[in-house]
Amino acid sequence: MERERPGSAAGPGAGEADRVARAAAGDAEALEALLREHGPRVRAGLSIGARLRRELDPDDVMQVTYLEAYLRVGALRESTERAFAAWLARVAENNLRDAVRGLERDRRGGAERRVTRGADGEGARTLLARVAASTTTAGSAAARRDAGERLRDAVARLPRSYREVVQACDLDERPVREVAAERGTTPGAVHMVRSRAHERLRELLGGPAGTS
């Protein structure tokens, strides 16, 4: 994200609308200040049951939430700190929801089978079916090759942590728990990152929104 430097740092006299507006315009310092102020309250409001604590930590949720804040704060339209705090809480709750859903799928035995590995194998076709329009997975061999190239370009544009999880879980088709152990994080964190990465890929590829 391109960083804009204001003429002076936000201080006690700066209005809250100014600080939120500057964050939305790309001022990283203003956004960092907002996250420091509102992040702890959002974290405290997360409800993670004892049964899930071994597989998901509140800090996992907030780490992904903070990255999403940097990626998406420009879409914030209401320049008040109350609106910012509510938006940040929604981002965190969405992340938590996706982590819980992924963990529940794992418990039901919903992990996907491992098939041909590699960016040109079944993993790439499965990922395309999830994140792009259905027409990209059909048609001629040339159309499929073009879709594969577009997918690789889109994956390369993801934030590093998103890109690494997509490569491991979707393209290499490795189990979430294996990827989590390798990354030194929890399975819930991997599910969250994967869901957000798929969402970002849909936007880059122009596919259907709201599916995972």
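Just so you know, all these numbers are worked out from the coordinates, no wet-lab data involved. Note that the structure is predicted; figures quoted are calculated from it, not measured. Positions of Cβ are backbone-derived with ideal geometry, glycine not excepted, and every protein chain shown enters the neighbour counts.
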*What's the FRET efficiency of R107 with R157 using the Cβ-Cβ distance as r and R₀ = 30 Å, to the nearest 0.05?*
0.35
_Karplus (6.51, -1.76, 1.60) ³J(HN,Hα), θ = phi - 60°, over the range 174-189, in Hz, Gly and Pro reported as x_ = 8, x, 4, 5, 5, 5, 4, 4, 5, 8, x, 10, 9, x, x, 5
*Using a cut-off of under 18 Å, list every residue of the range 80-109 whose amide N is near the label point 7 Å from the Cα of D18 along the Cα-to-beta-carbon line.*
80-82
